[in-house]
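Have a look at the structure below before the remarks.
Please treat every number below as a calculation from the coordinates, not as lab data. A quick note: this is a predicted structure, and the numbers were derived from the prediction, not measured. For neighbour counting, all protein chains shown are included, and Cβ atoms are generated from backbone atoms with ideal geometry for every residue, glycine included.
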Amino acid sequence: MDNKVTFLSDQQLLKVLSASSDATAIHVSEKAVIQYANDAMLAFWGKGDGVIGKSLEDALPELKGQPFIELFKRVWNEGITVSGTDAPADLVINGKLQTFYFDYEYRAIKNEHGKSICILHTAKDVTDRKLSREREQNLTEELTAANEELVAANEEITAANEEMAAMNEELLASNEEIIESRQQLAELNKSLSESNMFFRSMVKQAPVGICIIRTENLFIQEVNDTYLELVGKPREQFQNRTIWEAVPEAAGAYAPVMNNVIKSGVPLIAKEHELTLVRNGIDENVFVDFVYEPMKINGHVQAIMVLAIDVTDKVVARRSIEDVEERIRLAVEAAEIGTFDLDIVNGHMLTSERFDHIFGFEQHVDWKTYREAIHPDDRIIRDTAHKNALATGKLFMKCG
């Protein structure tokens, strides 16, 4: 048996490297002459293999004035590794100059004397990731950068947000109550054989709606007043009946779910579930947080404990807030209002297309250029307004 290992030739290694989906190139000399580039790298550049043997500057003349050629020279001369993330690069693809974003690394490969013999160049196109982040950021800026005409709407959003925060606190408290009740009832279940009366008392006083159902025949074993209030039915309707006889309107959707919990022994937790209940003879759409908790004895499910909280008010309030935010966004678009976001500390400014158009720019420019577009007579007004905004949190500026 021949155990000799045959290693790949240099040409074979390059062929394997060429098949990689990771963009890779090899450059020599401080001019970054391209000795090798796989298909992925050539695709990034928008070039064919005719660039092999050319310097990076000759192969991609659009890189002049961008930092990459100087970085290659530095990596070669200093024998170092330079990397970057979300780095913008303007490349000519299909005859059109376009901006892309890359995570890249230029790594100097040195000989035994410590002298650079080539630069290993790897890159990953992260344009979609970068643009996705920018789109998310722009949406946030459009919602938060309101002008004088939207002051009233902003105040409405602030009030709604405060209401939402209060609702969230209530939800957190409700969740904590559910967790606490589950813990209390789990402990109670362990001692059920010793104190059935104590168990019934705890169920009755629990701060959430509770209904206990025997799995053998789905008869209701215990139900507290909070649960009766949630479903809007009298206690008499739950006595000596199955759960679906007591609440027939919920059987179609929830009978299969309960059967699955009984069969699997795995609890079901549902948040803000919408259902229709016949409360006091009237159909009502409600939202409920509920738990189907299997109660086991010797590993067998003997009963299902239903824990439920009516969260209709919280859900309705949140949806109202979402509706307000959407109306504000539509108002901004309909009014053709320009919006901007300025980081005064770092001097970074983000603007909407409408804002650029109002200032006479066809594309986004830096903050200094926007500032210089303001008439000199109005710059003092602008600087005073920004100073007041830092102190009061509100920006108001009216120029002639």
**Prompt:** Which entries of LYS96/LYS130; LYS31/LYS130; LYS64/LYS124; LYS73/LYS124 show an alpha-carbon separation above 28 angstrom in the structure shown?
**Reply:** LYS31/LYS130
**Prompt:** Order of VAL247, VAL126, VAL92 from fewest to most other C-beta atoms within 10 Å?
**Reply:** VAL92, VAL126, VAL247
**Message:** Rg over Rh of the chain, using C-alpha atoms and the Kirkwood radius, what does it come to?
**Reply:** 1.18
**Message:** As a footprinting exposure proxy, order GLU236, GLU134 by other Cβ within 10 Å, with the fewest listed first.
**Reply:** GLU236, GLU134
**Item:** Length added when fully stretched, GLU70-LYS54, from 0.36 nm per residue minus Cα-Cα
**Value:** 4.1 nm
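Calculate the FRET efficiency for ARG319 and LYS110 from the Cβ-Cβ distance with a Förster distance of 56 Å, rounded to the nearest 0.05.
With R0 = 56 Å, the Cβ-Cβ based efficiency is 0.35.
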**Request:** Could you list the square roots of 5 times each eigenvalue of the Cα gyration tensor of the range 160-316, that is, the equivalent ellipsoid semi-axes, sorted largest first and rounded to whole Å?
**Result:** 25, 19, 15
**Item:** Signed unit charges on C-beta, dipole axis of the chain, positive-most listed residue LEU330, THR226, CYS211
**Value:** CYS211
**Item:** Sites HIS357 and THR140, calculated FRET efficiency, Cβ-Cβ separation with R0 22 Å, nearest 0.05
**Value:** 0.55
**Simple label model, 7 Å out from Cα along Cβ direction - GLU187 to GLN205, nm** = 1.3 nm
**Asked** For helix 68-78, what angle does its Cα long axis make with the longest principal axis of the chain, in degrees from 0 to 90 and rounded to 10?
**Response** 70 degrees
**Asked** Angle between the Cα long axis of helix 312-334 and the longest principal axis of the chain, 0 to 90 degrees, nearest 10?
**Response** 30 degrees
**Prompt:** Taking the Cα-to-Cβ direction at TRP244 and at ASP86 and moving 7 Å from each Cα, how far apart do the two end points lie in nm?
**Reply:** 5.5 nm
**Prompt:** If the cut-off is a Cα-Cα distance under 16 Å, which aspartates and glutamates reach LYS47, setting aside same-chain residues fewer than 8 apart in sequence?
**Reply:** ASP39, GLU57, ASP58, GLU62, ASP90, ASP125
**Asked** Expressed as an acute angle from 0 to 90° and rounded to the nearest 10, what is the orientation of the C-alpha long axis of helix 376-392 relative to the principal long axis of the chain?
**Response** 40 degrees
**Item:** Neighbourhood charge, 15 Å Cβ-Cβ cut-off, centred on SER264 and excluding it, Lys, Arg +1 and Asp, Glu -1
**Value:** +1
**Message:** So for the range 160-316, if I pair up every lysine 8 or more residues apart or on another chain, how many of those pairs have alpha-carbons under 30 Å apart?
**Reply:** 17
**Message:** If each residue of separation counts as 0.36 nm, what is the full-extension length gain between ASP343 and ASP103 once their alpha-carbon separation is subtracted?
**Reply:** 83.8 nm
**Fill in**
In nm², the average projected area of the convex hull spanned by the Cα atoms of the range 337-400 is 4.4 nm²
**Message:** Once you order the gyration tensor axes a ≥ b ≥ c over the Cα atoms, which shape class does the range 258-337 get: rounded for a/c under 1.5, otherwise prolate or oblate by comparing a/b with b/c?
**Reply:** prolate
**Message:** Give me ASP283, ASP310 sorted ascending by neighbouring Cβ count inside 10 Å, so fewest comes first.
**Reply:** ASP283, ASP310
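Where Rh is the Kirkwood radius over the Cα pairs of the range 20-125, the temperature 25 °C and the viscosity 0.890 mPa s, what D in µm²/s does Stokes-Einstein return?
Answer, rounded: 179 µm²/s.
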**Fill in**
Most packed first (mean Cβ within 10 Å per residue), the peptides 118-124, 391-397, 364-370 order as 118-124, 364-370, 391-397
